[in-house]
Amino acid sequence: MTPTRIIAAITFAEDSLEAAAIAASLAESLGAELVLAGIAPLAADEETDGDGSAPASEQQLVDHLIGTRLEQFRAALAPGIRARTRMTWGPVGAALVSAAVDERADLVVVPSRRESRVAHPLHDRVERYVLHHSDVPVLVVPTSGHAAQELPKAA
(Lines give C-alpha, C1' and ligand atoms only; values in the text may rest on other atoms or scores of the structure.)
Protein backbone atom coordinates (compact mmCIF):
# COMPACT_ATOMS: atom_id res chain seq x y z
CA MET A 1 0.00 0.00 0.00
CA THR A 2 1.34 3.41 -0.95
CA PRO A 3 1.52 5.81 2.01
CA THR A 4 -0.80 8.82 1.86
CA ARG A 5 0.41 10.45 5.09
CA ILE A 6 4.06 10.41 6.20
CA ILE A 7 5.24 11.69 9.56
CA ALA A 8 8.73 12.77 10.59
CA ALA A 9 10.02 14.45 13.74
CA ILE A 10 11.82 17.77 13.99
CA THR A 11 13.88 17.85 17.17
CA PHE A 12 17.08 19.45 18.45
CA ALA A 13 19.07 16.59 16.85
CA GLU A 14 20.55 17.60 13.50
CA ASP A 15 19.87 14.17 12.07
CA SER A 16 16.13 14.80 12.47
CA LEU A 17 16.45 17.39 9.70
CA GLU A 18 18.17 14.86 7.44
CA ALA A 19 15.42 12.30 7.98
CA ALA A 20 12.72 14.94 7.52
CA ALA A 21 14.31 15.97 4.20
CA ILE A 22 14.08 12.34 3.01
CA ALA A 23 10.47 12.18 4.23
CA ALA A 24 9.72 15.38 2.28
CA SER A 25 11.22 13.97 -0.92
CA LEU A 26 9.29 10.75 -0.47
CA ALA A 27 6.03 12.63 0.19
CA GLU A 28 6.56 14.73 -2.91
CA SER A 29 7.29 11.66 -5.07
CA LEU A 30 4.25 9.77 -3.80
CA GLY A 31 1.89 12.74 -3.63
CA ALA A 32 1.50 12.04 0.09
CA GLU A 33 0.86 14.53 2.84
CA LEU A 34 3.84 15.25 5.09
CA VAL A 35 3.27 15.81 8.79
CA LEU A 36 6.22 17.42 10.55
CA ALA A 37 6.01 16.79 14.28
CA GLY A 38 8.00 19.28 16.32
CA ILE A 39 8.89 17.34 19.44
CA ALA A 40 10.01 19.46 22.37
CA PRO A 41 11.59 17.83 25.39
CA LEU A 42 10.02 18.67 28.70
CA ALA A 43 12.30 21.23 30.31
CA ALA A 44 14.11 19.83 33.33
CA ASP A 45 14.88 22.15 36.18
CA GLU A 46 15.57 21.67 39.85
CA GLU A 47 12.76 24.08 40.67
CA THR A 48 9.34 23.04 39.50
CA ASP A 49 5.89 24.52 39.57
CA GLY A 50 3.36 23.13 42.05
CA ASP A 51 2.26 20.40 39.63
CA GLY A 52 5.82 19.08 39.15
CA SER A 53 6.25 20.64 35.71
CA ALA A 54 9.12 22.91 34.73
CA PRO A 55 8.68 26.68 35.13
CA ALA A 56 6.68 28.11 32.25
CA SER A 57 9.43 30.43 31.05
CA GLU A 58 11.93 27.61 30.54
CA GLN A 59 9.39 25.40 28.76
CA GLN A 60 8.27 28.34 26.65
CA LEU A 61 11.86 28.84 25.49
CA VAL A 62 12.24 25.17 24.55
CA ASP A 63 8.87 25.25 22.76
CA HIS A 64 9.83 28.43 20.90
CA LEU A 65 13.13 26.95 19.72
CA ILE A 66 11.52 23.77 18.43
CA GLY A 67 8.63 25.73 16.90
CA THR A 68 11.03 28.02 15.08
CA ARG A 69 13.06 25.08 13.77
CA LEU A 70 9.84 23.39 12.65
CA GLU A 71 8.54 26.45 10.79
CA GLN A 72 11.92 27.15 9.14
CA PHE A 73 12.03 23.61 7.81
CA ARG A 74 8.45 23.80 6.57
CA ALA A 75 9.09 27.17 4.89
CA ALA A 76 12.04 25.65 3.01
CA LEU A 77 9.95 22.88 1.45
CA ALA A 78 9.23 22.93 -2.27
CA PRO A 79 5.80 24.41 -3.05
CA GLY A 80 4.48 21.09 -4.41
CA ILE A 81 4.82 19.33 -1.07
CA ARG A 82 1.62 19.15 0.95
CA ALA A 83 2.85 19.62 4.50
CA ARG A 84 1.59 20.67 7.87
CA THR A 85 3.07 20.90 11.30
CA ARG A 86 2.16 19.97 14.84
CA MET A 87 3.85 20.37 18.20
CA THR A 88 4.14 17.64 20.80
CA TRP A 89 6.18 17.08 23.95
CA GLY A 90 8.08 14.36 25.75
CA PRO A 91 10.58 11.67 24.86
CA VAL A 92 11.00 11.65 21.07
CA GLY A 93 10.18 7.97 20.44
CA ALA A 94 6.98 7.92 22.48
CA ALA A 95 5.87 11.34 21.24
CA LEU A 96 6.43 10.34 17.60
CA VAL A 97 4.51 7.07 17.92
CA SER A 98 1.64 8.91 19.64
CA ALA A 99 1.63 11.62 16.96
CA ALA A 100 1.62 8.96 14.21
CA VAL A 101 -1.51 7.41 15.75
CA ASP A 102 -3.22 10.80 16.20
CA GLU A 103 -2.41 11.82 12.63
CA ARG A 104 -3.32 8.42 11.15
CA ALA A 105 0.09 8.26 9.48
CA ASP A 106 0.81 5.43 7.04
CA LEU A 107 4.59 5.71 7.41
CA VAL A 108 6.93 6.97 10.12
CA VAL A 109 10.41 8.20 9.13
CA VAL A 110 13.19 8.15 11.75
CA PRO A 111 16.92 8.86 11.57
CA SER A 112 19.58 6.32 12.44
CA ARG A 113 22.96 7.87 13.08
CA ARG A 114 26.02 6.04 11.75
CA GLU A 115 28.34 5.68 14.72
CA SER A 116 30.93 3.49 16.32
CA ARG A 117 29.87 0.33 18.13
CA VAL A 118 30.52 2.05 21.44
CA ALA A 119 28.40 5.14 20.71
CA HIS A 120 25.62 3.35 18.85
CA PRO A 121 23.71 2.00 21.89
CA LEU A 122 23.62 5.50 23.36
CA HIS A 123 21.85 7.05 20.37
CA ASP A 124 19.53 4.39 18.99
CA ARG A 125 16.78 4.66 21.60
CA VAL A 126 14.41 6.65 19.39
CA GLU A 127 14.51 4.35 16.36
CA ARG A 128 14.31 1.24 18.57
CA TYR A 129 11.31 2.63 20.43
CA VAL A 130 9.51 3.56 17.21
CA LEU A 131 10.33 0.22 15.57
CA HIS A 132 8.98 -1.71 18.55
CA HIS A 133 5.88 0.41 19.19
CA SER A 134 4.66 1.71 15.82
CA ASP A 135 1.57 0.10 14.31
CA VAL A 136 2.55 1.32 10.83
CA PRO A 137 5.69 0.78 8.73
CA VAL A 138 8.84 2.65 9.79
CA LEU A 139 11.49 3.90 7.38
CA VAL A 140 14.87 4.15 9.13
CA VAL A 141 17.09 6.67 7.34
CA PRO A 142 20.86 6.41 7.87
CA THR A 143 22.20 9.87 8.72
CA SER A 144 25.52 11.45 9.48
CA GLY A 145 24.34 13.24 12.62
CA HIS A 146 25.36 16.60 11.15
CA ALA A 147 23.22 19.33 9.63
CA ALA A 148 21.80 18.21 6.31
CA GLN A 149 23.86 19.46 3.38
CA GLU A 150 20.82 19.76 1.12
CA LEU A 151 17.74 20.70 3.08
CA PRO A 152 14.66 21.22 0.95
CA LYS A 153 14.61 24.61 -0.68
CA ALA A 154 11.58 26.62 -1.68
CA ALA A 155 11.41 27.00 -5.45
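Miscellaneous remarks
- Residues of the range 60-85 that are in contact (Cβ under 8 Å) with a residue 24 or more places away in the chain and in a helix (DSSP H, G or I): ASP63, LEU65, ILE66, GLY67, ARG69, LEU70, PHE73, ARG74, ALA75.
- Unmet criterion (only one of (1) at pLDDT 95 or above; (2) open to solvent by less than 40 Å² (accessible area, probe 1.4 Å); (3) outside any loop (DSSP other than H, G, I, E, B)) for ALA105: (3)
- Residues that are among the basic types (Lys, Arg) and open to solvent by 60 Å² or more (accessible area, probe 1.4 Å) within the range 53-100 comprise ARG74, ARG82, ARG84, listed in sequence order.
- Residue pairs whose Cβ atoms lie under 8 Å apart, sitting 6 or more positions apart in sequence or on different chains, and linking a residue in the range 129-153 that is at positive phi to a partner that is modelled with pLDDT of 60 or more and not in a strand (DSSP E or B), are GLY145/ALA13; GLY145/GLU14; GLY145/ASP15; GLY145/ARG114.
- Residue list for the range 108-155, restricted to those being small (Gly, Ala, Ser), over 22 Å from GLN72 (Cα atoms) and either open to solvent by 90 Å² or more (accessible area, probe 1.4 Å) or modelled with pLDDT of 85 or more (or both): SER112, SER134
- Taken over the range 25-52, residues that are crowded, with 17+ Cβ neighbours inside 10 Å, modelled with pLDDT of 95 or more and not in a strand (DSSP E or B) amount to 4.
The values are calculated or read from the model by the stated rules, or taken from the named source; none is laboratory data. Note that the structure is predicted; figures quoted are calculated from it, not measured. Don't worry about glycine lacking a Cβ; one is built from the backbone with ideal geometry, like all the others, and counts go over all protein chains shown. SASA here: full protein model, heavy atoms, side chains in, ligands and nucleic acids out. Shrake-Rupley method; radii C 1.70, N 1.55, O 1.52, S 1.80 Å.
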